[in-house]
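One structure is given below, encoded as structure tokens.
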Amino acid sequence: PNAVELREVSKTYGDSVAVRNISMQIAKGSFVTILGPSGCGKSTLLRMISGFATPSSGDVLIDGHSVLGAKPYERDTAMVFQDYALFPHRTVAQNLAFGLRMRGVAKSEIASRVAAMLELVNLMGFGERRIGQISGGQAQRVALGRALIVRPAVLLLDEPLGALDLKLRKQMQAELKTIHRNLGLTFVAVTHDQEEALTLSDRIAVMNGGALEQFDTPENLYRRP
Ligand code: ADP
Ligand code: ADP
């Protein structure tokens, strides 16, 4: 099965339609960005893939299993939030360990997976720092590591680099691509930045007014005539 399959998914809030009848299949191991202007429904779509929001109609499948009605620990996705949503008074290592502790993973395994994750996201030596004492780029890496450490089938990223300045954003784009390539996981990221979508992804889902307008490779979408 595909990593993600959307079947005629819609979401309405009262009278307004946030997501309009979207069907889409995301292949395993691909890096997809959802691109479109503010308010077009990108975050709502991502939250339905994560199970944080329930579709008004339609179905969402991860690895062939519907997320509707699944308990959070049964869903094989993890989310990197735009504002990172880290615990500010805890250390980097404690933040990384959070999802594993929730799942009752043994302490010794938590320690080794935290150490491996510090290496993967380039935070070696920062494990004992508190979140309030690290830079924005480092906090972004902690948020990424905290989601990856539970080994989800699909990593969801909501404007992951939106809070960073341009230089750092370029650097983190490269790091994200490297991590995606090394892990072979499926990544789905929301962005309103066309440049970022072109840089990061294998395929771009272009949204407008809640609808999916196009879903294709950067080459096919932006090829010069
Ligand atoms: P984007 O991520 O592209 O900026 P959103 O998915 O956040 O777009 O929002 C799409 C539309 O749905 C917007 O009009 C927004 O105001 C509306 N919306 C999103 N979440 C809610 C909600 N919880 N309640 C009501 N309306 C919402
Ligand atoms: P984004 O940065 O994706 O555009 P927003 O700032 O639109 O996010 O939304 C932030 C939060 O507010 C989300 O949880 C969303 O569901 C909620 N929200 C957005 N629009 C509305 C709305 N019109 N009414 C109620 N809640 C909303």
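Calculate, in nm to one decimal, what T217 and K167 gain on full extension: separation in residues at 0.36 nm each, minus their alpha carbon distance. Extra length from T217 to K167 when fully extended: 15.4 nm. When its C-alpha radius of gyration is set against 2.2 N^0.38 Å (N residues), the chain gives a value of 1.01. Across the protein chains, with a 1.4 Å probe defining accessible surface, the residues D63, D158 rank D63, D158 from largest area downward. By a 1.4 Å probe calculation restricted to protein chains, L118 has an accessible surface near 20 Å², given to the nearest 10. Say the dipole of the chain comes from +1 at the beta carbon of Lys and Arg and -1 at that of Asp and Glu; which of S66, S10, Q214 then lies farthest toward its positive end? Towards the positive end, the residue furthest out is S66. Residue ranking by accessible heavy-atom surface, 1.4 Å probe, largest first, among H192, H89 comes out as H89, H192. Using θ = phi - 60° in the Karplus curve 6.51 cos²θ - 1.76 cosθ + 1.60, the 3J(HN,Hα) couplings for region 78-84 round to 9, 10, 9, 7, 4, 9, 6 Hz; x is entered for Gly and Pro. Pairwise alpha-carbon distances in region 24-157 exceed 17 Å for 62% of all pairs.
Across region 1-119, Cα pairs under 8 Å and at least six residues apart give a relative contact order of 23 percent.
Assuming charge only on the beta carbon of Lys and Arg (+1) and of Asp and Glu (-1), the dipole of the chain about its Cα centre is about 640 debye to the nearest 20. The stretch between L183 and E128, if pulled fully straight at 0.36 nm per residue, gains 17.3 nm over its current Cα-Cα span. Near V9, the amide H atoms lying under 5 Å from its own belong to I22, S23, D59; only residues 5 or more places off or on other chains count, and H is placed 1.01 Å from N. For I34, list long-range residues whose amide hydrogen, built 1.01 Å from N in the peptide plane, is under 5 Å from its own amide hydrogen. Excluding prolines and chain starts, which carry no amide H, the hits are A189, V190, T191, A205. Under a 5 Å amide H cut-off, with hydrogens placed 1.01 Å from N, Q214 pairs with V206 among residues at least 5 apart or on other chains. Count Lys and Arg as plus one, Asp and Glu as minus one, and take only other residues whose Cβ is under 14 Å from that of A53; the net charge is then +2. Starting from one equal scatterer on each C-alpha and no solvent at all, send me the Debye-based log10 I(q)/I(0) for region 71-140 at q = 0.18, 0.21 Å⁻¹, two decimals. Ignoring solvent entirely, the Cα scatterers give -0.74, -0.99. A 1.4 Å probe, protein heavy atoms only, puts the accessible area of M79 near 20 Å². For a straight C-alpha distance cut-off of 19 angstrom, the aspartates and glutamates reachable from K107 (same-chain residues fewer than eight places away being disregarded) are E119, E128. Counted over the chain, the DSSP beta bridges are approximately 55% antiparallel.
Over the chain, Cα pairs under 8 Å with separation of 6+ residues give a relative contact order of 29 percent. Note that region 27-43 has calculated 3J(HN,Hα) couplings of 6, 4, x, 8, 10, 10, 10, 9, 10, x, x, 4, x, 7, x, 4, 5 Hz, one per residue in order, obtained from phi through the Karplus relation 6.51 cos²θ - 1.76 cosθ + 1.60 (θ = phi - 60°); glycine and proline are x. The phi-based Karplus calculation (6.51 cos²θ - 1.76 cosθ + 1.60; θ = phi - 60°) puts the 3J(HN,Hα) values of region 163-172 at 8, 9, 6, 4, 5, 5, 4, 4, 5, 6 Hz, whole numbers, x for Gly and Pro.
The values are calculated or read from the model by the stated rules, or taken from the named source; none is laboratory data. Model, not experiment: these values are computed from the prediction. Don't worry about glycine lacking a Cβ; one is built from the backbone with ideal geometry, like all the others, and counts go over all protein chains shown. Just so you know, the surface numbers come from the protein's heavy atoms only, side chains and all, with ligands and any DNA or RNA stripped out. Shrake-Rupley method; radii C 1.70, N 1.55, O 1.52, S 1.80 Å.
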